[in-house]
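The values are calculated or read from the model by the stated rules, or taken from the named source; none is laboratory data. Note that the structure is predicted; figures quoted are calculated from it, not measured. Cβ atoms come from the backbone with ideal geometry, glycine included; neighbour counts cover every protein chain shown.
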Amino acid sequence: MNKENSPFPGFDWAETQRRFLDAVSAMGAGREQSNPWQQALEFWWQRALPSVSDDQGVLGNLLRQSQALFGINEQFGDLLKEMVSCEPSDDWQAILDKHLDRLKAHFMDLSKRGAPSTSPWQEPLDTWARTLSWLSLLSPTPDAGGNYGFPDLPSLGGSRGFQQRQLHAMELWRAYLEKLQDYHAEMARVGARAVDQLRDRILAMGEGGKKITSLRELYDLWTDCCEQAFGDEVMTDAYAELYSAVVNALVEFKQHSQMMVEEILGALDLPTRTGLDTMQRRQHEMRREIRSASERESENMRAIADLKQELETLRRELSTRSADGKPKEGE
Amino acid sequence: MNPFALDAESVTREILEFNSRLAGVLGRLGNLNGVEPGASEKEAVYREDKLVLYRFKPRTQAQHPVPVLIVYALVNRPYMADLENGRSLVQGMLDAGLDVYLIDWGYPDQADRYLTLDDYINGYLDRCVDQVRQHATADRINLLGICQGGTFSLCYTALHPEKVHNLITTVTPVDFQTPNDALSHLVRNVDIDLCVDTLGNIPGDLLTWTFLMLKPFRLMGQKYMDLSDILDDPARAANFMRMEKWIFDSPDQAGEAYRQFIRDFYQQNALIKGSVQIGDQSVDLQNITVPVLNIYARDDHLVPPDAAKALGGCIGSQDYTEMEFPGGHIGIYVSTRAQEMLPPAIADWVKQRG
């Protein structure tokens, strides 16, 4: 595969592969690299992943998860190095505790700061961000420094009323960010609980004589622990309140923003959402009335047809009788 | 005993092998063909607004005289029931000699903002039922509801019992507040009026991400790692892509219908309490006296078994049958086991009741 038939526009696949393999073979050339395969793969992700946008769906998800797999190697790299090199007489559980405590401390630190976490705990936060990204005029995800800028809102001028509404918008945005921070903090605590689950399961495997023989098995185990911890969290009342608080806060901000936009559109004598809603509601009500009237008319027509039938029957019967009501002769 | 049996060499080998596989996968993904869903031939027999009523082409010489109308949910697209050859509830039912119809609700837009549950159930659904009765020359029909479509079917049968012969519900929520219902738990405190008043129609993407958020690590992460294991097999790869298409092909939800469904069914649990109003009519599940087959999925995390099984204690029918499927909410339609279990069971049950 080369630049012409690569799935990534303008991306020379063959050249990238060649450079990647050169980097990997450099490991065998005795050059000192603290984490050589990771460095080689970083090159890969630097070239491949930026070419894949969120719009590329399955492709993007596959590459991101592959990166997560290799991230496992990085995240647990020190742990793995010590664990595989420890002697049978060494206290492997103490080694495990040392590294997992460090990972857990990372999550607890994040929970204090209310900051979003990094891979491989990124999934619920990514998913959350995607869930809410269309709810807001702007994406709620932070910049590289973890900061949320205040969204730019259109402003036409300095009327006191409009300025007050802008101030209120800023208050609503701040309220939303506070809720989001609370959510990130709780997610970090859940991450810490996932680490505890991981510890318990590894210890259980050790007691049961089961082995972790591949990076993929470790990835699957970590994923399972994360899913379990997150699943337990989702069913708590506290999470339901937190989730609703974030959603309601963001929608409230969006509603206020819409109102400000409507004010501007109204000042420019342009159609507004409220105006269109009113038209649609009236149109809908008219359709219902027309359908209802049509159904009543159909019923009335059926009733009239029945009455005509009955009248015709009575006429026929009447024609067979004389003036005194008795049947005519021969009838 | 130390459970870690990895070493630097094995990890390196694993990464290199994975990387090679990934490179091959990326090429094959771009060359996948034939991933459009839909296995069975069908014709449109009625259209109204965005809705299309389909009749599937029979696959047997003779069909059971009472037709089956499949009522799908508003959420997601109905081709899940007819995903591909060999993984199609519709195909299985056709092969069992049933005459199958299906409502495709379409993709609501802003013009549908004020559609209510009354419009859907006493309007669209009732007119579709009349169309099927006319088309199949049947006084009454069999209704088969899927998930929310099952809830609609229950409401419809309670309000129009004279038009329904038998009722089949599959993974259908009846009690929306059982202890292990994560979805219900999530929306309990959401200000649904604020959401609908602000957003109008509810974007399909919101619902997609909400469902995925219930199991984010598995559904947004690990699943794609599994993909790298199956892409060598074009058929399995195509299956995966069809499912992906369905998962991310969620229609927007008409605002007023969504408001009522979430508020009345999820937040107030009104169906099982007997206080749902559709239009100016109350829905009393005791009015359902026709035979009912209630199929639920044992491992369903969206409609827990208890949420569906609650139906048994609510209806007036003397002929009520439950059936457990050993799988999940989606597996009940697309898994191999489902194809072996469900269509024959449904067909047998229907035929036994005329």
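Details
- Filter result for A:Val246 (in contact (Cβ under 8 Å) with a residue 12 or more places away in the chain and surrounded by fewer than 17 Cβ atoms within 10 Å (Cβ to Cβ)): no
- Tallying residues that are surrounded by 20 or more Cβ atoms within 10 Å (Cβ to Cβ) and touching a residue at least 12 places away in the same chain (Cβ under 8 Å) within segment A:200-222 yields 5.
- Put simply, of B:Met220, B:Met243 the only residue that is closer than 30 Å to B:Ser20 by Cα, touching an Asp or Glu at 6+ places or on another chain (Cβ under 9 Å) and among the hydrophobic types (A, V, I, L, M, F, W, C) is B:Met220.
- Strands (runs of 3 or more DSSP E) contained in segment B:34-77 and holding at least 3 residues within 19 Å of the chain's Cα centre (by Cα): B:51-56, B:68-71
- B:Tyr107 meets each of the listed conditions (1) surrounded by 20 or more Cβ atoms within 10 Å (Cβ to Cβ); (2) within 16 Å of the chain's Cα centre (by Cα) apart from (1).
- In segment A:191-223, the residues that are more than 8 Å from chain B (Cβ to nearest Cβ) and not aliphatic (A, V, I, L, M): A:Gly191, A:Arg193, A:Asp196, A:Gln197, A:Arg199, A:Asp200, A:Arg201, A:Gly208, A:Glu217, A:Trp222
- You will find that of B:Leu115, B:Leu102, the residue that is in contact (Cβ under 8 Å) with a residue 12 or more places away in the chain, within 13 Å of chain A (Cβ to nearest Cβ) and either outside any helix (DSSP H, G or I) or out of contact with any helix residue (DSSP H, G or I) (no Cβ under 8 Å at 6 or more places or on another chain) (or both) is B:Leu115 and no other.
- Number of the exception - B:Ser250 against (1) part of a helix (DSSP H, G or I); (2) under 30 Å from A:Arg282 (Cβ atoms): (1)
- Residues of segment B:191-210 that turn out to be touching a helix residue (DSSP H, G or I) at 6+ places or on another chain (Cβ under 8 Å), farther than 24 Å from A:Glu262 by Cβ and either at pLDDT 95 or above or more than 7 Å from chain A (Cβ to nearest Cβ) (or both), as a count: 1
- Considering only residues in segment B:188-221 that are of a type in the set (A, V, I, L, M) and touching a residue at least 40 places away in the same chain (Cβ under 8 Å), the one that is farthest from B:Pro108 (Cα to Cα) turns out to be B:Leu214.
- Evaluating B:Val25 against the criteria (1) away from every other protein chain (no Cβ under 11 Å); (2) surrounded by 18 or more Cβ atoms within 10 Å (Cβ to Cβ); (3) among the aliphatic types (A, V, I, L, M) leaves one unmet condition, (1).
Table: residues versus (1) over 23 Å from B:Tyr120 (Cα atoms); (2) in contact with a strand residue (DSSP E or B) (Cβ under 6 Å, 6 or more places away or on another chain); (3) charged (D, E, K, R); (4) at pLDDT 95 or above.
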site: B:Trp246; (1), (2), (3), (4): no, no, no, no
site: B:Arg263; (1), (2), (3), (4): no, no, yes, yes
site: B:Gln268; (1), (2), (3), (4): no, no, no, yes
site: B:Ser275; (1), (2), (3), (4): no, no, no, yes
site: B:Ser282; (1), (2), (3), (4): no, no, no, yes
site: B:Asn287; (1), (2), (3), (4): no, no, no, yes
site: B:Ala297; (1), (2), (3), (4): yes, yes, no, yes
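- Of all the residues in segment A:261-318, those that are within 14 Å of chain B (Cβ to nearest Cβ) and under 30 Å from B:Leu117 (Cβ atoms) number 26.
- So B:Ala81, is it away from chain A (no Cβ under 14 Å), buried (at least 16 other Cβ atoms within 10 Å of the Cβ), over 16 Å from the mean Cα position of the chain (by Cα) and among the hydrophobic types (A, V, I, L, M, F, W, C): no
- The one condition from (1) modelled with pLDDT of 90 or more; (2) in a helix (DSSP H, G or I) that A:Pro271 does not meet is (2).
- Filter result for the condition that a residue is buried (at least 23 other Cβ atoms within 10 Å of the Cβ), out of contact with any Pro (no Cβ under 8 Å at 6 or more places or on another chain), of a type in the set (Val, Ile, Thr) and more than 30 Å from A:Thr278 (Cβ to Cβ), over B:Val66, B:Val90: B:Val90
- Answer from B:Tyr258, B:Tyr266, B:Tyr224 - the residue that is crowded, with 21+ Cβ neighbours inside 10 Å, part of a helix (DSSP H, G or I) and without any contact (Cβ under 8 Å) to a residue 40 or more places away in the chain: B:Tyr224
- Any hit, segment B:131-142, residues being more than 17 Å from B:Leu51 (Cα to Cα) and buried (at least 20 other Cβ atoms within 10 Å of the Cβ): yes
- For segment B:269-296, the set of residues classified as among the β-branched types (Val, Ile, Thr), part of a strand (DSSP E or B) and farther than 16 Å from B:Thr169 by Cα consists of B:Ile278 only.
- The criterion of at least 3 residues that are over 16 Å from B:Arg259 (Cα atoms) is met by the following helices (runs of 4 or more DSSP H) wholly inside segment B:126-215: B:126-135, B:148-159, B:204-213.
- Checking segment B:273-288 against the condition returns a match, with at least one residue being touching an Asp or Glu at 6+ places or on another chain (Cβ under 7 Å), surrounded by fewer than 20 Cβ atoms within 10 Å (Cβ to Cβ), away from chain A (no Cβ under 12 Å) and within 18 Å of B:Ile315 (Cα to Cα).
- Looking across segment A:259-273, just one residue is loosely packed, with under 13 Cβ neighbours inside 10 Å and touching a helix residue (DSSP H, G or I) at 6+ places or on another chain (Cβ under 8 Å), and that is A:Pro271.
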